[in-house]
1. Please identify the DSSP H helices in the chain that span no less than 30 Å along the helix axis (Cα) and have a mean Kyte-Doolittle hydropathy of 1.6 or more.
2. In 10 Å bins starting at 0, how do the alpha-carbon pair distances of region 45-161 split up by percent?
3. Of the peptides 119-129, 310-320, how do they stack up when ordered by the mean number of other Cβ atoms within 10 Å, highest first?
4. Which of Val248, Ile171, Gly103 sits closest to the plus end of the dipole of the chain, meaning its Cα is farthest towards the positive end, when Lys and Arg get +1 and Asp and Glu get -1 on the C-beta?
5. Quote the Stokes-Einstein diffusion coefficient, in whole µm² s⁻¹, for region 174-237, based on the Kirkwood radius over alpha carbon pairs, a temperature of 20 °C and a viscosity of 1.002 mPa s.
6. Can you put Val250, Val98 in order, fewest other beta carbons within 10 Å first?
7. I need the peptides 189-197, 207-215 ranked by packing, meaning the mean over residues of other C-beta atoms within 10 angstrom, with the highest value on top.
8. Order 265-278, 132-145, 75-88 from most to least packed using the mean count of other Cβ atoms within 10 Å.
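None of the figures in this text is laboratory data; all of them are computed from the coordinates on show. The model shown is predicted, which means the values in this text are computed figures rather than measured ones. All Cβ positions, even for glycine, are placed from backbone atoms using ideal geometry, and neighbour counts span all protein chains on display.
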Amino acid sequence: MKHSKNWIPELVYAILLVFILVFPFITKNLYLLHILILAGMWVILCVSLHLLEITGLFTLCIAAFMGIGAYASAILSMKLRWPFWAALPLAGVIAGSVAVLAGSIFLRVKGLMFAIITLAFGEVVVLAFSHWPGLGGKEGLTGLPVPNSIHLPLGLEIKFVGKIPYYFLTIGIVLISALIIYRIEKSRLGRVFSAIKANDTLTESIGVNVYGYRLLSFGIGSFFAGITGSLYGHYNTYIAPMEFGVWVSVMVFLLCVVGGMKSLLGPVIGAIFLTIVPELLRGAKIYAPLFYAVLVLVVIFFLPDGLISLPDRIRALKRNYQKPETG
């Protein structure tokens, strides 16, 4: 009887995936599609941070690598005339390479000191974008080209006009990023990452290159942040330094905490929840910071494992309530 319910989660995921795919065709609310596109970008950033978290890296500069990817893609497409489909992956490679170079220095420390150094690095990156010649200064860059059309068999063509093509592009990148990071987490590499987080000294004592694995995790996570930056820039056709400030990195961390850090699905739930719900409260936007603060406090005190643990908590309370009294 127990095994007969194993198909239920897969069915729920299948129904959810079908709904996601048909939703753009059953809604006329373009603003809602815009919010969902942004939510998808937050999801990619959150799963990127999740990969760093399972290695025990607490970083506050994920937005800086998003910015590096955005500016790299802008330069490749605007200055060098590269097509978007070539600039997108290369933006991730550039962000990941910068992360490896910076991490080779930063990762010599760990814990709170590492977090402080990454926070300072994020501020340095924003200042560099603001003052680097040819990058538009604090006003940023405008006129980033939209993705090139996709030519399909039978003369069909997908043009990036309107929200729907960007919606499906974002969904595609979300699924690919989440799948890759999920496979990494469940692989031997992911088990090494988890062992390093649990006890890096013990792991190193059995011959594991802790520094090298952390550097690898830092590079891979930053690669996906760079991809997000490229997608963000070409979707909005505009980027500015302050869009990649430290507050964005803090926000990504809060999304992961609210959703739950112990599984990949947690950050996904946190990103979607904290992107869509504030939009439902748009009329009271002035209270948004208060909403975030209260929600984080509630989650920390009552759901320390995040929103993803809510069903288990409800089932546990239900069992305790239904348990017959003895004596």
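1. Working: long enough: 30-53 (34 Å, 2.04); 84-106 (32 Å, 1.92); 164-186 (33 Å, 1.41); 210-236 (39 Å, 0.48).
Span-like helices, by this rule, are 30-53, 84-106.
2. Spelled out per bin, shortest first, that is 12, 36, 29, 16, 5, 1.
3. Values: 119-129: 18.4, 310-320: 10.5.
Ranking, from highest mean packing down: 119-129, 310-320.
4. Ile171
5. Numbers: Rh = 13.2 Å.
Approximately 162 µm²/s, per Stokes-Einstein.
6. On the way: Val250 15, Val98 20.
In order of increasing Cβ crowding within 10 Å: Val250, Val98.
7. On the way: 189-197: 18.0, 207-215: 15.7.
Descending mean neighbour count gives 189-197, 207-215.
8. Values: 265-278: 20.9, 132-145: 14.5, 75-88: 16.3.
Final packing ranking: 265-278, 75-88, 132-145.
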